[in-house]
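K.L.:
Quick one: the structure is below, and I'll ask about it shortly.
The values are calculated or read from the model by the stated rules, or taken from the named source; none is laboratory data. Here the structure is a predicted model, which means the values were calculated and not measured. Neighbour counts run over all protein chains shown; Cβ positions are idealised from the backbone, glycine included.
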Amino acid sequence: MKIKNNILAALAIGCLALPMVSCSEEELLVNSNDTAYVIFDKDFTKDTTTVSFKMYKEGEDAVISIPVSYFGQVQEEPLHFHVKADTARTNLAENLYTLPEDCVINPSKEENTIQVVLKRTPEMATKTFILALQVVEEGKIKQGTREFARSIITVTDRLFKPDWWSVNDVGNDENPGNSVDWYYLGEYSDDKYVLFLEELKKDDVVFDGKNKQVLRKYAIKLKNTVKNINAEREAQGLGPLKDEQTGMLIEVPVAG
């Protein structure tokens, strides 16, 4: 009976060990010494990169930086790879975008990006187009985790509220707050955003939503512009500047 119990125990341990061996093999595959898995920075099932040509001057192409990284084979030298459009998810015409001929991830850099050039078309005034990027699998280069194996870029020439003006970056779940709304530009309106974009265009600046120094500089410029417009309106016997659609006063709370 004792021998039988020992045999049963050994069989049980062996059965429990099988999933562990399987997981170990999977981990070895993911951390392979001969494969580099390249991924984009956003979960494409939840997030996209949205581009509006309203941010650019007439005739100007949009140059978009897409962050990339890798896992798997440890790289001591720059990692070269290529990207192409995922035609099943793309409806932007080939002549309206240019992809890099050679993409490079430098392991010594904290962040690596690839650049995509987009061109404007009159149809974008009423439609939104999609460009989906994927990594070309060749040699030791493979596509990484499924959710990060594509980069979805939506392209339009229409105005929309940018993500950086709505993301909850200074509040919490109970009291969400956006720093652009609270401290820099105030409540969003289309007319206010157009005025802000005009300030940026004067210096050929495209704001990516990240650099708070750029945001503050041009929020102050906008504040002064609104102040001057209101002074002219007052001299004409008119009230302060308002958004045409909502009737909301255009105010800029940035200090300075």
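K.L.:
Whether any residue in the stretch 87-95 is farther than 20 Å from T48 by Cβ and either touching a Gly at 6+ places or on another chain (Cβ under 8 Å) or of a type in the set (A, V, I, L, M) (or both) is what I want to check.
P.N.:
Within the stretch 87-95 (the criterion being farther than 20 Å from T48 by Cβ and either touching a Gly at 6+ places or on another chain (Cβ under 8 Å) or of a type in the set (A, V, I, L, M) (or both)), the answer is no, since none of the residues qualifies.
K.L.:
List every residue pair whose Cβ atoms lie under 9 Å apart, where the two residues are 6 or more positions apart in sequence or sit on different chains, the first residue falls within the stretch 92-106 and is among the β-branched types (V, I, T), and the second residue, located anywhere, is outside any strand (DSSP E or B).
P.N.:
Short answer, once both residue conditions are applied: T98/D61; T98/K119; V104/P78; I105/Q75; I105/P78.
K.L.:
Here's a follow-up. Select from the stretch 222-256 the residues that are charged (D, E, K, R), in a loop (DSSP other than H, G, I, E, B) and farther than 18 Å from Y183 by Cβ and list them in ascending order.
P.N.:
Listed by number, the residues that qualify are D243, E244.
K.L.:
Name the residues in the stretch 114-152 that are within 15 Å of L99 (Cβ to Cβ) and basic (K, R), would you?
P.N.:
Correct list: K119, R150.
K.L.:
Filter the stretch 231-245 down to the residues that are over 19 Å from L197 (Cα atoms) and out of contact with any Gly (no Cβ under 8 Å at 6 or more places or on another chain) and list them by number.
P.N.:
A231, E232, E234, A235, Q236, G237, L238, G239, P240
K.L.:
Quick test for you: out of G144, G186, pick the one residue that is surrounded by 16 or more Cβ atoms within 10 Å (Cβ to Cβ), in contact (Cβ under 8 Å) with a residue 12 or more places away in the chain and on the phi > 0 side of the Ramachandran plot.
P.N.:
Exactly one of G144, G186 is surrounded by 16 or more Cβ atoms within 10 Å (Cβ to Cβ), in contact (Cβ under 8 Å) with a residue 12 or more places away in the chain and on the phi > 0 side of the Ramachandran plot, namely G186.
K.L.:
I'd like to verify a number: residues in the stretch 93-111 that are within 16 Å of T156 (Cα to Cα) and more than 18 Å from the chain's Cα centre (by Cα), how many?
P.N.:
Summing the residues that are within 16 Å of T156 (Cα to Cα) and more than 18 Å from the chain's Cα centre (by Cα) in the stretch 93-111 gives 4.
K.L.:
Consider L195 against the criteria (1) under 19 Å from D181 (Cα atoms); (2) touching a helix residue (DSSP H, G or I) at 6+ places or on another chain (Cβ under 7 Å); (3) part of a loop (DSSP other than H, G, I, E, B): it satisfies all of them except one. Which criterion is unmet?
P.N.:
Condition not satisfied by L195: (3).
K.L.:
Could you check the stretch 62-95 and list, in sequence order, the residues that are within 19 Å of T121 (Cβ to Cβ) and touching a helix residue (DSSP H, G or I) at 6+ places or on another chain (Cβ under 9 Å)?
P.N.:
Correct list: A62, A85.
K.L.:
Something else about it: Residue pairs, Cβ under 9 Å, 6 or more apart or interchain, first in the stretch 118-133 and in the same structural domain as E94 (by TED's automatic domain parsing) and of a type in the set (D, E, K, R), second surrounded by fewer than 18 Cβ atoms within 10 Å (Cβ to Cβ) and outside any loop (DSSP other than H, G, I, E, B). List them.
P.N.:
Once the first residue is in the same structural domain as E94 (by TED's automatic domain parsing) and of a type in the set (D, E, K, R) and sits in the stretch 118-133, its partners that are surrounded by fewer than 18 Cβ atoms within 10 Å (Cβ to Cβ) and outside any loop (DSSP other than H, G, I, E, B) give K119/N95; K119/L96; K119/T98; R120/L96.
K.L.:
Run down T35, T90 and say which single residue is at pLDDT below 95, β-branched (V, I, T) and closer than 27 Å to R150 by Cβ.
P.N.:
Details: T90 fails: at pLDDT below 95.
Selected residue: T35, the only one of T35, T90 that is at pLDDT below 95, β-branched (V, I, T) and closer than 27 Å to R150 by Cβ.
K.L.:
Would you be able to say whether some residue in the stretch 168-176 is on the phi < 0 side of the Ramachandran plot, surrounded by 15 or more Cβ atoms within 10 Å (Cβ to Cβ) and not in a strand (DSSP E or B)?
P.N.:
Keep residues of the stretch 168-176 that are on the phi < 0 side of the Ramachandran plot, which gives 168-176.
Within this subset, residues satisfying the condition of being surrounded by 15 or more Cβ atoms within 10 Å (Cβ to Cβ) are none.
No, that holds for no residue.
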